[in-house]
Each structure stands twice: as structure tokens, then as C-alpha cells.
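Chemist: Shown below is the structure under consideration.
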Amino acid sequence: MSEENQVNTAPEEEQTEQTEQDIHVLKKIRIDKLDELKAQGKDPFETTRYDVSISNAEIRTSYEEIEAKAKAEAGDDEEKLKTALEASRINVKIAGRIMSWRDMGKANFIDVRDSSDRMQVYVRMNDIGAEEFAEFKKWDIGDIIGVEGFVFRTRKGEISVHAQKIILLSKSLLPLPEKWHGLKDQDMRYRQRYVDLIVNPDVKETFRKRSAVIASIRRFLDGKGFMEVETPLLVSNAGGAAARPFETHYNALNEDVKLRISLELYLKRLIVGGFDKVYEIGRVFRNEGVDTRHNPEFTLMELYQAYTDYNGMMDLTEEMFRHVAMEVCGKTTVPYGEYEIDLGKPFERITMTEAVKKYSGVDFSQIKDDEEAKKIADEKHIEYEKRHKKGDILNLFFEEFVEEHLVQPTFVTEHPVEISPLTKMKPGDPEHVERFELFITGREMCNAYSELNDPIDQRKRFEAQEELLKQGDEEANHIDEDFLRALEIGMPPTGGIGYGIDRLVMLLTNSASIRDVLLFPTMKSIE
């Protein structure tokens, strides 16, 4: 019998310490088994290939179809049904990891899980031979095996595989966390995601959905005539967002470079070059804190379309979110925590000034200058910096009083110019720009502009950003002379948008933390 079936009878207060000791003992037992196999010339790690004929999920579907057809033809005749099923018997070769074991002497039931699903396998000594069965009984939960046999339904009604041949493909040297207290530790789950995926099928489903979300986005945009492109990760000037970059040194060029914080400035160069619809899905890096909404390394999608504006980006976004939800979730109403998020009805649209007035009672359209804005901030106990202007303080009010209330999809528009250095001003209103952010569940999901294409205005904005850098704002942008040169060549009116892919996946998988949708989130090293 596998050592996994032994019962630990130690007092509960000794379990944690003893379990750590048990792991080392069990590993030693398994290594001894491996050494014995090697001595017999049966090293499982020498196996290089096993031709799987079908997945576990496909077995269930195929057998149910055959069974339904046989029942329709046989009617109430049990013998006829039995004969029909035997005549249509499915012979299969499957492979996967042993996840559970029910020892019944000369016949055993094991559960084998592949990437699609679990499958019960019936292993009987009379079918595979006494010698092979004796070897099989030495295997352990966690071992990866291959099974050749036929599909049947047990008396209890479970579709299973009746093994005729069975082979050990890889030996697991550590026990799975069913007996390991560490699995319950959230930190351990993130650090050892490979174990988390094995023992928690729901986690694997989250990442299947993540892949489906990205594939659905690509189908949607490709269908709209967008072209997917790739732009540099290592840049001399990390611009396009308000964030502190990671810095490194490029030895071959003897030059300091940065990891990109945005995709924006290179994609706009492509609009200048004559590509009217472009997008990129890629990693960006921001040297900032880690919490349930932020990871220093995350997936961003940005797209740019010539001859449209931020209103066009709103329409595109609304359509895309519905498309992805329907393809991935099968509906446009999705659960998130205690809420039901309705992506099917028109998204609310409200200006930032209107939103702040609605939730704080302060009407910034009536505030004349920076000093008056600071006075109101003092009255409302809003902390600000000396360099902050009226627009910055409006944004601080929005973060403090508004964001948490924006649960259902809401476009917040017309941001202050001070916090939007790459955005076209609203005609006739020099204090505000043509920009929106989409909020769902109190979180920013995307950020979009009518892109600034005036090189003279852009230079002034960059110069203002440089001044902020001198004043200690580490998130301000440097002047990008090559980007300015591109704008001087001429960029058409353009709408652009950036989407946080991880947050969209969080929404569609009902995940509370960004770490739950990143296969390998950023973690502090264990010394």
C-alpha cells in the first residue's frame, strides 16, 4: 500500500511540526522506491513520449453520445443495450496524475487527472498481470502515469476507464498537499502555483478563463480591423503614464535604460507612420506598491485608432466588454462579490466634476483658483502637496469621495488638464481634457483620451512634467524628443485607450485579488 494511505494519529497540537518532519520521511521513502526502479532498469524518467489518444473530458462527452444513441436504438431491451455498448466500445490511451486511490485488494480504483478533468480508472490484477500489479501497488498519489484500456460505466453510474495496460511515466518525490498544512497558506499558494493548480481545480479554471478573455479580445479587435503589434520593453525614456519605472543597465550599449511603464508613445508613432488601427497586449512594469489591485509587473492592452476621439473609444469599450463577457461567461451579467455587475445595459457617463459634486457636495466648477481649491481641501481634510493645483485637488477629491461608489459600469469623463499630459483639451474649456476612465466595482478598468496631436502643446506639457520632476515627483514624465519629432511629422486626430487586462479577468472570474489572476505574482524572496 502507498504510504499516502497511512493514518497520522499524532495529537493535533503536534500536527504542524510533525507534518514537516513527515514530508522529509515520505520523500526518503519515495526516493528509495525510485532507486529500486532504477536498479531494475525501470527508471520512469527515461520515458520520453507517451501518445495520448483522448482527453478525460472528451471521454465523457464521447461515451455519453454513444450511450444516448445506443439507448435510443435499444429502447427498454437491456440485453440489446449491453450488446450495442460493447460493439461501440471506446479504446483509449490517457495520461495524468494520480489524485486519489481506493485499495480493494486485487482490484483498485484510482482517480487520474489530466489538464481537462479527472477520470476514474479501474485497475485489476487479472487484467494487467500479477507482476505489473505488484509494481503498480508501490506507486504513490502524485505519480504521473499512462493508462491504456476501454471506457465503461460502473454500477454506481460513473464513467471510468478499465485499465488493460498501465505505465509509470514520472515519479513524484514529494507528497501532494492533501497531507500538507502549507497548502492552506495563501502566500504558499502563490509561491508554489504549480501545486495550487494540481490540487485546486477552481484555480486552473480561473486561468483558463484568463486565456479565453485575451483570445476573445483579440478576435473582437481583429474583426474591427485592428492590427496587433509589438513594441520595446527596454526604453531610454519610460513615458505614457504617471509611474516610477524600474531601471537597469544595458551592458552592450553601456547605457542606462528603463522597463516600460506604458505602451503609448511607441504605438502613437505607428499612427504617425500610417497604421490607422493598432493594439498591443503586453507586460509593463511600475516600481510601486503591491496590494489586491496592483502588481509591479502586469498586463496592459493599449489600442489607438486614427480619426476618432474619446467618444469613439467609449463606444468601442462598451461593445468589447459585452462581447468578451458573452463569449467567456455566456452572459452579460456577472457576479462580483456581493454585486451583480450588468454589462448589458448602457454604461453611465458622468464628468469628474459632476461626480465629485454628487458624492462630496463640492462643486469645483465654482472654485476660481488653486488657493480656493486648497482651502476647500483643508476643510474636507484632504491631504495635498504644495505643488498641487486645482485640477490635482479635484482628482484627490474624486479618489476620496467618489471611486468606491462606482460599482456598476461608469465612464468618468473630462479630467483636469494637470493630470492628463498627453490628452487633447476640451474645446472652449482649457481646464479640462477629452479623457475618460471606466470604473467597475470601484476600480479603474481603463483610461482613454482624445490624443494630443499638437506638437507645440505637447512640448509645453512635457516641460511642465519636467518641472514636476525637479520638484520631486518621481512619476512625472521626461521630455521625449523623438516622440515630439513624430508629432511634428503629423499625427491625425486619434482616440487611444489602455485596459488593465488583469482587472478585467478579476471581474469576469469573481476574483478579489490581482494575485488570484496572475500565475506567478510578485513575491518577496525567502532567504
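Chemist: Taking residue 140 as the residue in question, decide whether it is on the phi < 0 side of the Ramachandran plot, over 16 Å from the mean Cα position of the chain (by Cα), modelled with pLDDT of 95 or more and not hydroxyl-bearing (Ser, Thr, Tyr). Full working, then the answer.
Modeler: Details: on the phi < 0 side of the Ramachandran plot: yes; over 16 Å from the mean Cα position of the chain (by Cα): yes; modelled with pLDDT of 95 or more: yes; not hydroxyl-bearing (Ser, Thr, Tyr): yes.
Judged against the criteria, residue 140 is a match.
Chemist: Continuing with this model, one more query. Please specify each residue of the stretch 324-366 satisfying the condition of being of a type in the set (Val, Ile, Thr), touching a residue at least 40 places away in the same chain (Cβ under 8 Å) and within 18 Å of residue 504 (Cα to Cα). Spell out how you get there, then give the answer.
Modeler: Step one: list which residues in the stretch 324-366 are of a type in the set (Val, Ile, Thr), which gives 324, 328, 332-334, 341, 350-351, 353, 356, 362.
Retained after the next criterion (residues that are touching a residue at least 40 places away in the same chain (Cβ under 8 Å)): 324, 328, 334, 341, 350-351, 353, 356.
Selection gives 324, 328, 334, 341.
Chemist: Which residue pairs have Cβ atoms closer than 8 Å, lie 6 or more positions apart in sequence or on different chains, and pair a first residue in the stretch 29-46 that is under 11 Å from residue 172 (Cα atoms) with a second residue that is of a type in the set (Lys, Arg) and modelled with pLDDT of 95 or more?
Modeler: That search, which allows pairs on different chains as well, returns 30/171; 33/138; 33/171; 34/171; 44/171; 45/171.
Chemist: Looking only at the stretch 98-117, how many residues end up being surrounded by 14 or more Cβ atoms within 10 Å (Cβ to Cβ) and farther than 17 Å from residue 144 by Cα?
Modeler: Our first condition is that a residue be surrounded by 14 or more Cβ atoms within 10 Å (Cβ to Cβ); within the stretch 98-117, this holds for 98-101, 107-114, 116-117.
Then keep just the ones that are farther than 17 Å from residue 144 by Cα; that gives 107.
Residues flagged as surrounded by 14 or more Cβ atoms within 10 Å (Cβ to Cβ) and farther than 17 Å from residue 144 by Cα within the stretch 98-117 amount to 1.
Chemist: Consider the stretch 503-527. How many of its residues are buried (at least 19 other Cβ atoms within 10 Å of the Cβ) and out of contact with any strand residue (DSSP E or B) (no Cβ under 7 Å at 6 or more places or on another chain)? Break it down stepwise before answering.
Modeler: Filtering the stretch 503-527 down to residues buried (at least 19 other Cβ atoms within 10 Å of the Cβ) leaves 503-509, 511, 514-518, 521.
Next, only the ones that are out of contact with any strand residue (DSSP E or B) (no Cβ under 7 Å at 6 or more places or on another chain) stay: 505-506, 509, 511, 514-518, 521.
The qualifying residues number 10.
Chemist: Which residue pairs have Cβ atoms under 8 Å apart, sit 6 or more places apart or on different chains, and have a first residue in the stretch 453-464 that is at positive phi and a second that is of a type in the set (Lys, Arg)?
Modeler: none
Chemist: Looking at the stretch 451-469, can you tell me whether even one residue there is in contact with a Phe, Trp or Tyr (Cβ under 8 Å, 6 or more places away or on another chain) and either within 30 Å of residue 338 (Cα to Cα) or small (Gly, Ala, Ser) (or both)?
Modeler: no
Chemist: Report every pair of residues separated by at least 6 positions or lying on different chains whose Cβ atoms are under 7 Å apart, first residue within the stretch 110-121 and in contact (Cβ under 8 Å) with a residue 24 or more places away in the chain and over 20 Å from residue 133 (Cα atoms), second buried (at least 18 other Cβ atoms within 10 Å of the Cβ) and of a type in the set (Lys, Arg).
Modeler: Cβ pairs passing all conditions: 113/97.
Chemist: So residue 510 ticks every box in (1) at positive phi; (2) in contact with a His (Cβ under 6 Å, 6 or more places away or on another chain) but one. Which box is left unticked?
Modeler: Going through the list (1) at positive phi; (2) in contact with a His (Cβ under 6 Å, 6 or more places away or on another chain), residue 510 breaks only (2).
Chemist: Which one is nearest to residue 484 (Cα to Cα) among residues in the stretch 258-293 that are in contact with a Ser or Thr (Cβ under 8 Å, 6 or more places away or on another chain) and of a type in the set (Val, Ile, Thr)?
Modeler: Top of the filtered list is 271.
Chemist: Name the single residue that is farthest from residue 360 (Cα to Cα) among those in the stretch 370-425 being β-branched (Val, Ile, Thr) and outside any helix (DSSP H, G or I). Outline the logic, then answer.
Modeler: Taking the stretch 370-425 and keeping what is β-branched (Val, Ile, Thr), we get 376, 382, 393, 402, 407, 410, 412-413, 417, 419, 423.
When the remaining residues are screened for being outside any helix (DSSP H, G or I), the result is 382, 407, 410, 412-413, 423.
Working: 382: 12, 407: 17, 410: 17, 412: 15, 413: 17, 423: 26 Å.
Top of the filtered list is 423.
Chemist: Continuing with the same structure: Please find, within the stretch 66-109, the residue that is farthest from the chain's Cα centre (by Cα) out of those that are among the basic types (Lys, Arg) and part of a strand (DSSP E or B).
Modeler: Taking the stretch 66-109 first, the residues among the basic types (Lys, Arg) are 69, 71, 80, 82, 89, 93, 97, 102, 106.
Next cut, part of a strand (DSSP E or B) only: 93, 97, 102.
Numbers: 93: 32, 97: 25, 102: 36 Å.
Residue satisfying both the conditions and the ranking: 102.
Chemist: So which residues in the stretch 348-373 are over 23 Å from residue 444 (Cα atoms) and surrounded by fewer than 19 Cβ atoms within 10 Å (Cβ to Cβ), if there are any at all?
Modeler: Taking the stretch 348-373 and keeping what is over 23 Å from residue 444 (Cα atoms), we get 365-373.
Selection gives 365, 366, 367, 368, 369, 370, 371, 372.
Chemist: Could you list, in sequence order, all residues of the stretch 215-253 that are out of contact with any Lys or Arg (no Cβ under 9 Å at 6 or more places or on another chain), surrounded by fewer than 17 Cβ atoms within 10 Å (Cβ to Cβ) and more than 26 Å from residue 483 (Cα to Cα)?
Modeler: Within the stretch 215-253, 215, 218, 219, 222, 223 qualify.
Chemist: I would also like to ask the following. In the stretch 111-143, what residues are of a type outside the set (Asp, Glu) and within 26 Å of residue 207 (Cα to Cα)?
Modeler: We begin by selecting, within the stretch 111-143, every residue of a type outside the set (Asp, Glu); these are 112-113, 115-116, 118-126, 128-130, 133-134, 136-139, 141-142.
Residues satisfying the conditions are 112, 113, 115, 116, 118, 119, 120, 141, 142.
Chemist: Then there is this: Every residue in the stretch 140-164 that is in contact with a helix residue (DSSP H, G or I) (Cβ under 9 Å, 6 or more places away or on another chain) and more than 18 Å from residue 93 (Cβ to Cβ), please.
Modeler: Of everything in the stretch 140-164, those that are in contact with a helix residue (DSSP H, G or I) (Cβ under 9 Å, 6 or more places away or on another chain) and more than 18 Å from residue 93 (Cβ to Cβ) turn out to be 140, 141, 142, 153.
Chemist: Still on this structure, I have one more. Is it the case, given these coordinates, that residue 526 is farther than 25 Å from residue 315 by Cα, among the aliphatic types (A, V, I, L, M) and part of a helix (DSSP H, G or I)?
Modeler: Numbers: farther than 25 Å from residue 315 by Cα: yes; among the aliphatic types (A, V, I, L, M): yes; part of a helix (DSSP H, G or I): no.
No: the conditions fail for residue 526.
Chemist: Of everything in the stretch 446-460, what is buried (at least 21 other Cβ atoms within 10 Å of the Cβ) and out of contact with any Asp or Glu (no Cβ under 6 Å at 6 or more places or on another chain)? Give them in sequence order.
Modeler: Within the stretch 446-460, 446, 448, 449, 451, 452, 458 qualify.
Chemist: A further question follows. Among the candidates 270, 303, which residue alone is in contact with a strand residue (DSSP E or B) (Cβ under 7 Å, 6 or more places away or on another chain), free of Cβ contacts under 8 Å to residues at least 60 places away in the same chain and either outside any loop (DSSP other than H, G, I, E, B) or within 22 Å of residue 247 (Cα to Cα) (or both)? Full working, then the answer.
Modeler: Numbers: 303 fails: free of Cβ contacts under 8 Å to residues at least 60 places away in the same chain.
None of the others qualify; the one that does is 270.
Quick grid of which residues meet (1) closer than 22 Å to residue 435 by Cβ; (2) hydroxyl-bearing (Ser, Thr, Tyr); (3) at pLDDT below 95; (4) not in a helix (DSSP H, G or I):
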| residue | (1), (2), (3), (4) |
| --- | --- |
| 459 | yes, no, yes, no |
| 464 | yes, no, yes, no |
| 476 | yes, no, yes, yes |
| 485 | no, no, no, no |
| 495 | yes, no, no, yes |
| 498 | yes, no, no, yes |
| 503 | yes, no, no, no |
| 511 | no, yes, no, yes |
| 519 | no, no, no, yes |
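The values are calculated or read from the model by the stated rules, or taken from the named source; none is laboratory data. On a predicted model such as this, the values are computed, not experimentally measured, just so you know. No Cβ is skipped: glycine too gets one built from the backbone with ideal geometry, and neighbour counts run over all protein chains shown.
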